[in-house]
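See structure below.
The values are calculated or read from the model by the stated rules, or taken from the named source; none is laboratory data. In this text the structure is predicted, and so the values were computed from the model without any measurement. Because the Cβ atoms are built from the backbone with ideal geometry, glycine has one as well, and the counts that use them run over all protein chains shown. Accessible surface areas use protein heavy atoms only, side chains included; no ligands, DNA or RNA. Shrake-Rupley method; radii C 1.70, N 1.55, O 1.52, S 1.80 Å.
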2 protein chains.
Amino acid sequence: MHTAGSSETVDARFVGKLAGYFGFEEEKIRHLFEKKYLARNWGEHEHLFRFDKEISHIERGTLFYEKDDSFEMVLGFPKIRRAMVLYPTLEKQFEGLRSVVVEEKMNGYNVRVTGVNGEILAITRSGYICPYTTEKARGKLNPDFFNDYPDLVLYGEMVGPDNPYVPKKIYDVESVEFYIFDVRKKNTGDPLPAARRREILEKYGFLQVKSFGEIPLETAPGEIAKIIRNLGKIEHEGVVIKDPAMVLPSVKYTSSRSNCSDLKHAFKFYNESGRDYMLSRIVREGFQAVEWGESEAEFKKRCMQLGESILTPLRDSVQNVKKGQRLYDEVRIRVKDLKTAVEFEDYLKRLGVDSVFENPEPVGDEYRITIKKVNKSTNDKTEAIWKGELW
Amino acid sequence: MHTAGSSETVDARFVGKLAGYFGFEEEKIRHLFEKKYLARNWGEHEHLFRFDKEISHIERGTLFYEKDDSFEMVLGFPKIRRAMVLYPTLEKQFEGLRSVVVEEKMNGYNVRVTGVNGEILAITRSGYICPYTTEKARGKLNPDFFNDYPDLVLYGEMVGPDNPYVPKKIYDVESVEFYIFDVRKKNTGDPLPAARRREILEKYGFLQVKSFGEIPLETAPGEIAKIIRNLGKIEHEGVVIKDPAMVLPSVKYTSSRSNCSDLKHAFKFYNESGRDYMLSRIVREGFQAVEWGESEAEFKKRCMQLGESILTPLRDSVQNVKKGQRLYDEVRIRVKDLKTAVEFEDYLKRLGVDSVFENPEPVGDEYRITIKKVNKSTNDKTEAIWKGELW
């Protein structure tokens, strides 16, 4: 995927400045550029550098750029680890707290939005500037926020059907919306406490992920189990459990529905999906079955759901390739300006994503464009097997 | 696993001799010993060297030793690749043949048996001399064969319930038996043609894997599908399809039952089973569902079987650890001489297998011993999760 970025010609003076800023040896800086662990964005954003790999506790996707006589940094998304069972995990992970904040974990794609030298930019999880998401952010977010708080970064989830990465119709979103779950300071990555975050965001009329409130730590496992069952029923993903002060690391917990939905997508493209990704989602089902003390009938239902989530997309992919079709992921975007679509097409190309953009259809004062993303590896593997190759 | 083997002190003269024999640089020979890709057996077998890795087309598990003024080599098991679908795979892989030989693929553990300097030895897939299997081979195989054919090696499957590696009760075997599927020459690894192999083995009264006969290539896919369905019904694993002359490489094809049975074992010990091993067995189900043109009802049944094969062992493991039990694989052996059991215990210890041997129970003029093999990684991971650790 990450084949993008212009070949790096970084002068010695700049290497020295970076080494000083990060406290690395100059040799290490050069090595990071050579390996493309450190790379530039391109085009009008080529002054924005990104870490393509976690380096010495700097999260992958961290973005930085020159500012005054130094640098300014937008830190990557902190990893949120997963509770496999609620009890005793919450008790252990949030030891010493009286209560935790429970918020919905939405299923879309992660984006940071912030002002960079006075310009609002949408930065993907990997640290790219996505032109589509940037158009959306600029259209949706009150620009006063970025003037009032130039040192803050919005961390959120872009959800809805007009979504080129993770399209979902399960939310009450007509096209695509940006739901914020975190606000952090530039350079340090320090988060705002949950209540302060909600207060500021409300003032600017920003959408925020749903809060299930502050729940006493003692009763949290039972209450969250109930929340998860209800979220599962409406096909929502799960929750993130947070220290109200945002000092201890957050923990996530997801519904069986979301595991199965991940598996459905993963097995459609069985040859490129990560093995660990698939396995971890299967293993969660085993833990949840025990944690929830299921009856045999409920357990059989869970087995059937798991089996179908795996085999149905797998069979369909195998069948479609047999019929001579290509396997692809169909997504769509909706833009005000067709120029954004052209930029987005170029952007996907630079990322090495094999995609076909269909003709724009007018929708109100906007254009909807369907995109077919081809998954070459599963296509080729399946086709080879139908031509008599061995596994 | 492969932590065994005494630390290597190989003198320069010997390195030179090996380099000459294999056509490698001396530096490479030293490197192979350092990395333990080339290692000795231990104790009374320390003159037997094994390749612990495939090196320049020499199969992993290949064994060799000094003989006269050179070396003699027992080649490893050739990899048998898998047909995901029978048509057009057989046509392509066996192009130019009029027919193929179809033989049962049994579910046990692979062993080579041959005479090494006049002594009958059982060599495992990895090239170790297994004391238990050696006792069995000596008790079961007519020694005349090894005198008459000192240059031949028997390649077979040890199956039955008294089996410390892959115990199965699905065959008509009371304790354990050695079924031969291949006979090859020392040093070159050249196989005997199928008919010649059967003829020789019959003469010595050796057990052989079941043959389904020679089948015209044209009708093979349909006929093998029938064979596989019948084998599946009695929980047998599958078939190996061979060039009668044994010139083209053999191809295997297995039943859904065998995939599910592999998955059951793999998910019991979810944290140590290979990701690729698990995934490949799941993917086969997708191909077979399409290949066999299943009805929706049959497909639902396959989904349920898959789901249960994965979730039942997973749930049981998670549940058992929650109750404070340790997860283990229970197997048993049956020996004439208790000294063999002691040697086998020492052997497993040298291989790094964590196992507990229970007290021997007399069975006729033999002793049965139950062995509990502990799978530490899945135990520890599951226990940690129940104590509140994150994934």
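Can you say whether residue A:236 is open to solvent by less than 60 Å² (accessible area, probe 1.4 Å), under 20 Å from the mean Cα position of the chain (by Cα) and more than 25 Å from residue A:139 (Cα to Cα), as far as the supplied structure shows?
Values: open to solvent by less than 60 Å² (accessible area, probe 1.4 Å): yes; under 20 Å from the mean Cα position of the chain (by Cα): yes; more than 25 Å from residue A:139 (Cα to Cα): yes.
Judged against the criteria, residue A:236 is a match.
Among the candidates A:266, A:297, which residue alone is modelled with pLDDT of 90 or more, in a helix (DSSP H, G or I) and open to solvent by 30 Å² or more (accessible area, probe 1.4 Å)? Before you say what the answer is, go through the steps one by one.
Numbers: A:266 fails: open to solvent by 30 Å² or more (accessible area, probe 1.4 Å).
Result of the check over A:266, A:297: A:297.
Just checking, how many residues over the range A:57-101 are at positive phi and either of a type in the set (S, T, N, Q) or in contact with a Cys (Cβ under 9 Å, 6 or more places away or on another chain) (or both)?
0
Just the residues that are in contact with a helix residue (DSSP H, G or I) (Cβ under 7 Å, 6 or more places away or on another chain) and either in a strand (DSSP E or B) or open to solvent by less than 40 Å² (accessible area, probe 1.4 Å) (or both), please, taken from the range B:355-371. Steps first, please.
Kept after step one, since they are in contact with a helix residue (DSSP H, G or I) (Cβ under 7 Å, 6 or more places away or on another chain), are these residues of the range B:355-371: B:355, B:357, B:360, B:367, B:369.
B:355, B:357, B:367, B:369 - these are the residues of the range B:355-371 that are in contact with a helix residue (DSSP H, G or I) (Cβ under 7 Å, 6 or more places away or on another chain) and either in a strand (DSSP E or B) or open to solvent by less than 40 Å² (accessible area, probe 1.4 Å) (or both).
Residue under question is residue A:309, and the condition is that it be under 18 Å from the mean Cα position of the chain (by Cα), at the interface with chain B (Cβ under 9 Å from one of its Cβ atoms) and either among the hydroxyl-bearing types (Ser, Thr, Tyr) or not in a loop (DSSP other than H, G, I, E, B) (or both); does it hold?
Details: under 18 Å from the mean Cα position of the chain (by Cα): no; at the interface with chain B (Cβ under 9 Å from one of its Cβ atoms): yes; either among the hydroxyl-bearing types (Ser, Thr, Tyr) or not in a loop (DSSP other than H, G, I, E, B) (or both): yes.
Judged against the criteria, residue A:309 is not a match.
Are any residues in the range A:13-42 under 26 Å from residue A:347 (Cα atoms), open to solvent by less than 50 Å² (accessible area, probe 1.4 Å), part of a helix (DSSP H, G or I) and not aliphatic (A, V, I, L, M), and if so, which ones?
Of everything in the range A:13-42, just one residue is under 26 Å from residue A:347 (Cα atoms), open to solvent by less than 50 Å² (accessible area, probe 1.4 Å), part of a helix (DSSP H, G or I) and not aliphatic (A, V, I, L, M), namely A:33.
I want to confirm something. Restricting to the range A:81-104 and keeping residues that are assigned to a helix (DSSP H, G or I) and open to solvent by less than 20 Å² (accessible area, probe 1.4 Å), which single residue is farthest from residue A:281 (Cα to Cα)?
Selected residue: A:90.
Residue by residue through the range B:212-233, note down the ones that are within 24 Å of residue B:260 (Cα to Cα) and small (Gly, Ala, Ser). Walk me through how you get there before you give the answer.
Here is the first cut: in the range B:212-233, the residues within 24 Å of residue B:260 (Cα to Cα) are B:212, B:221-233.
Listed by number, the residues that qualify are B:222, B:225, B:232.
Among the residues of the range B:312-327, write down those that are among the hydrophobic types (A, V, I, L, M, F, W, C) and either without any contact (Cβ under 8 Å) to a residue 24 or more places away in the chain or not in a helix (DSSP H, G or I) (or both). Please lay out each step first, then the result.
In the first step, residues of the range B:312-327 are kept if they are among the hydrophobic types (A, V, I, L, M, F, W, C); the result is B:314, B:318, B:321, B:327.
B:327 - this is the single residue of the range B:312-327 that is among the hydrophobic types (A, V, I, L, M, F, W, C) and either without any contact (Cβ under 8 Å) to a residue 24 or more places away in the chain or not in a helix (DSSP H, G or I) (or both).
Taking the options B:343, B:330, name whichever one is more than 9 Å from every other protein chain (Cβ to nearest Cβ), surrounded by fewer than 17 Cβ atoms within 10 Å (Cβ to Cβ) and either assigned to a helix (DSSP H, G or I) or at pLDDT below 95 (or both). Walk me through it before giving the result.
Working: B:343 fails: surrounded by fewer than 17 Cβ atoms within 10 Å (Cβ to Cβ).
One residue alone meets the criteria, B:330.
Which residue pairs have Cβ atoms under 7 Å apart, sit 6 or more places apart or on different chains, and have a first residue in the range A:350-379 that is at positive phi and a second that is exposed (fewer than 14 other Cβ atoms within 10 Å of the Cβ) and assigned to a loop (DSSP other than H, G, I, E, B)?
A:352/A:1; A:352/A:3
Filter the range B:110-123 down to the residues that are touching a Ser or Thr at 6+ places or on another chain (Cβ under 8 Å) and either small (Gly, Ala, Ser) or open to solvent by 20 Å² or more (accessible area, probe 1.4 Å) (or both), then identify the one that is nearest to residue B:50 (Cα to Cα).
By that ranking, first place goes to B:122.
Pairs under 6 Å by beta carbon, first residue touching a residue at least 12 places away in the same chain (Cβ under 8 Å) in the range A:107-132, partner assigned to a helix (DSSP H, G or I) and among the basic types (Lys, Arg), six or more apart or different chains?
So the pair list comes out as A:120/A:138.
Yes or no, residue by residue, for (1) open to solvent by 20 Å² or more (accessible area, probe 1.4 Å); (2) within 21 Å of residue A:390 (Cβ to Cβ); (3) out of contact with any Asp or Glu (no Cβ under 6 Å at 6 or more places or on another chain):
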position: B:153; (1), (2), (3): no, no, yes
position: B:162; (1), (2), (3): no, no, yes
position: B:169; (1), (2), (3): yes, no, yes
position: B:178; (1), (2), (3): no, no, yes
position: B:204; (1), (2), (3): yes, no, yes
position: B:211; (1), (2), (3): yes, no, no
position: B:220; (1), (2), (3): no, yes, yes
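Say whether the condition of being under 30 Å from residue B:254 (Cα atoms), at pLDDT 95 or above and among the small types (Gly, Ala, Ser) is met by at least one residue in the range B:110-118. Even if it seems obvious, please write down each step before you answer.
Of the range B:110-118, the ones under 30 Å from residue B:254 (Cα atoms) are B:110-114.
Retained after the next criterion (residues that are at pLDDT 95 or above): B:110-114.
Of the ones still in play, those that are also among the small types (Gly, Ala, Ser) are none.
No, the range B:110-118 contains no residue that is under 30 Å from residue B:254 (Cα atoms), at pLDDT 95 or above and among the small types (Gly, Ala, Ser).
Just one of B:48, B:75, B:32 is farther than 25 Å from residue B:182 by Cα, at pLDDT 95 or above and not basic (Lys, Arg); which is it? It would help to see each step written out before you state the result.
Values: B:48 fails: farther than 25 Å from residue B:182 by Cα; B:75 fails: farther than 25 Å from residue B:182 by Cα.
The unique qualifying residue is B:32.
Which one of these is among the basic types (Lys, Arg) and touching a strand residue (DSSP E or B) at 6+ places or on another chain (Cβ under 8 Å): A:40, A:30?
Details: A:30 fails: touching a strand residue (DSSP E or B) at 6+ places or on another chain (Cβ under 8 Å).
A:40 is the lone residue from the list that is among the basic types (Lys, Arg) and touching a strand residue (DSSP E or B) at 6+ places or on another chain (Cβ under 8 Å).
Residue A:253 versus (1) away from chain B (no Cβ under 12 Å); (2) open to solvent by less than 20 Å² (accessible area, probe 1.4 Å); (3) touching a strand residue (DSSP E or B) at 6+ places or on another chain (Cβ under 7 Å); (4) not β-branched (Val, Ile, Thr): which is the lone unmet condition?
So residue A:253 meets the others, but not (1).
Scan the range A:43-80 residue by residue and report those that are basic (Lys, Arg), open to solvent by 20 Å² or more (accessible area, probe 1.4 Å) and part of a strand (DSSP E or B). Even if it seems obvious, please write down each step before you answer.
First pass over the range A:43-80, keeping only residues basic (Lys, Arg): A:50, A:53, A:60, A:67, A:79.
Of the ones still in play, those that are also open to solvent by 20 Å² or more (accessible area, probe 1.4 Å) are A:53, A:60, A:67, A:79.
Across the range A:43-80, the qualifying residue is only A:67.
Taking the range A:272-301, which residues are more than 7 Å from chain B (Cβ to nearest Cβ) and closer than 18 Å to residue A:313 by Cα?
A:272, A:273, A:274, A:277, A:281
Residues to consider are A:228, A:241, A:234, A:215; find the one that is at pLDDT below 95 and either under 30 Å from residue A:289 (Cα atoms) or among the polar types (S, T, N, Q) (or both). Step through it out loud before you land on a result.
Numbers: A:228 fails: at pLDDT below 95; A:241 fails: at pLDDT below 95; A:215 fails: at pLDDT below 95.
Only one candidate passes the filter, namely A:234.
Taking residue A:86, is it out of contact with any Gly (no Cβ under 7 Å at 6 or more places or on another chain), at pLDDT 95 or above and not polar (S, T, N, Q)? Write out each step before concluding.
Values: out of contact with any Gly (no Cβ under 7 Å at 6 or more places or on another chain): yes; at pLDDT 95 or above: yes; not polar (S, T, N, Q): yes.
Answer is yes for this residue.
Filter the range A:126-143 down to the residues that are assigned to a helix (DSSP H, G or I), touching a strand residue (DSSP E or B) at 6+ places or on another chain (Cβ under 8 Å) and of a type outside the set (Val, Ile, Thr) and list them by number.
From the range A:126-143, those assigned to a helix (DSSP H, G or I) are A:131-140; that's our starting set.
Next, from what is left, pick out any that are touching a strand residue (DSSP E or B) at 6+ places or on another chain (Cβ under 8 Å): A:132-138, A:140.
Across the range A:126-143, the qualifying residues are A:132, A:135, A:136, A:137, A:138, A:140.
For the range B:153-163, which positions are over 12 Å from the mean Cα position of the chain (by Cα) and within 16 Å of residue B:123 (Cβ to Cβ)?
Of everything in the range B:153-163, those that are over 12 Å from the mean Cα position of the chain (by Cα) and within 16 Å of residue B:123 (Cβ to Cβ) turn out to be B:153, B:154.
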